[in-house]
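Just below is one structure, and these are the notes that go with it.
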Ligand SMILES: C[S@@+](CC[C@H](N)C(=O)[O-])C[C@H]1O[C@@H](n2cnc3c(N)ncnc32)[C@H](O)[C@@H]1O
């Protein structure tokens with residue numbers, strides 16, 4: 001089903017239609033995904049993933065990198081001493097690229113990949129010591145449900161770290177708008193041959209909560225200590241939170 005512009009889905013089939021769109025869109029852009037990321041962020045995306053991995057404190061941990069894509073965050077976790085990293089994604093083409101990337105790396109031996117949907121993961125409750133995701137949350141059709149799923153997957157005391165675009169502070173919007181609305185679709189479109197995919201990127205922020213609201217949603221999903229820091233001129237946020245020890249409490 002073709003989405004109506006500007007990439008909004010409605011009606012009872014909306015969750016499935018958005019998921020199908022997102023999966024096929026990422027499958028199309030795999031070959032140039034890393035290159036375009038580097039160019040769009042002027043190489044800063046690597047630093048943001050390193051910060052994300054560090055906040056997850058992965059040493060000795062059983063770690064989950066949800067929506068692993070081409071595997072960069074999974075590699076960061078493994079290099080920081082994770083006992084085992086599971087990299088999960090619902091787009092098989094992304095996973096094939098991730099396998100190719102991590103295979104030559106020494107730390108790659110501690111990474112296992114699984115094809116799975118972030119909203120319905122095939123793991124038992126309280127499995128992981130830490131859970132990270134990079135540039136996933138805007139793509140989900142049910143963000144509330146996904147945050148509860150992350151909570152379910154983490155052990156009590158487990159750490160969640162989410163890296164994604166966010167709504168920049170109002171004062172910086174005039175500066176960032178031409179980048180997001182003009183340069184990113186043009187650059188991404190020309191390099192990938194897929195203009196629609198890189199128009200979806202800024203569109204995906206339209207219905208996405210701002211950084212403070214995302215903290216409130218994390219608390220509502222049962223997390224404690226929800227906080228965030230902005231990077232990339234405030235256009236990117238790294239949220240972190242902890243699953244409390246003791247009984248679950250959902251709002
Ligand atoms: C923008 S890429 C990010 C990849 C990687 N985390 C990174 O930092 O570069 C988003 C990834 O999320 C995956 N994805 C989106 N929705 C998903 C879902 N519901 N379940 C699993 N993976 C999903 C896509 O297939 C894609 O690989």
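The values are calculated or read from the model by the stated rules, or taken from the named source; none is laboratory data. What you are looking at is a predicted structure, and each value in this text was computed from that prediction instead of being measured. Methodologically, a virtual Cβ is constructed for each residue, glycine included, from the backbone with ideal geometry; neighbour enumeration extends over all protein chains shown.
Please go through the range 13-49 and give me each residue that is away from the ligand (no atom under 13 Å from the Cβ), assigned to a helix (DSSP H, G or I) and closer than 23 Å to residue 230 by Cα, ordered by number.
39 - this is the single residue of the range 13-49 that is away from the ligand (no atom under 13 Å from the Cβ), assigned to a helix (DSSP H, G or I) and closer than 23 Å to residue 230 by Cα.
Among the numbered criteria (1) more than 14 Å from the ligand (Cβ to nearest atom); (2) at pLDDT 95 or above; (3) in a loop (DSSP other than H, G, I, E, B), which one does residue 2 miss?
Here residue 2 meets the rest and fails (2).
Which of (1) touching a helix residue (DSSP H, G or I) at 6+ places or on another chain (Cβ under 8 Å); (2) touching a residue at least 12 places away in the same chain (Cβ under 8 Å); (3) assigned to a helix (DSSP H, G or I) does residue 219 not meet, given it meets every other one?
Of everything listed in (1) touching a helix residue (DSSP H, G or I) at 6+ places or on another chain (Cβ under 8 Å); (2) touching a residue at least 12 places away in the same chain (Cβ under 8 Å); (3) assigned to a helix (DSSP H, G or I), residue 219 misses just condition (1).
I need a count of the residues in the range 50-78 that are under 19 Å from the mean Cα position of the chain (by Cα) and away from the ligand (no atom under 11 Å from the Cβ). Walk me through how you get there before you give the answer.
We begin by selecting, within the range 50-78, every residue under 19 Å from the mean Cα position of the chain (by Cα); these are 50-58, 62-78.
When the remaining residues are screened for being away from the ligand (no atom under 11 Å from the Cβ), the result is 50-51, 54-58, 62-64, 77-78.
Selection size over the range 50-78: 12.
Scan 197, 221 and give me the residue that is surrounded by 15 or more Cβ atoms within 10 Å (Cβ to Cβ) and at pLDDT 90 or above. Give the derivation first.
Numbers: 197 fails: at pLDDT 90 or above.
Unique residue meeting the criteria: 221.
Can you give me the number of residues within the range 97-146 that are in a helix (DSSP H, G or I), within 13 Å of the ligand (Cβ to nearest atom) and in contact (Cβ under 8 Å) with a residue 40 or more places away in the chain?
5
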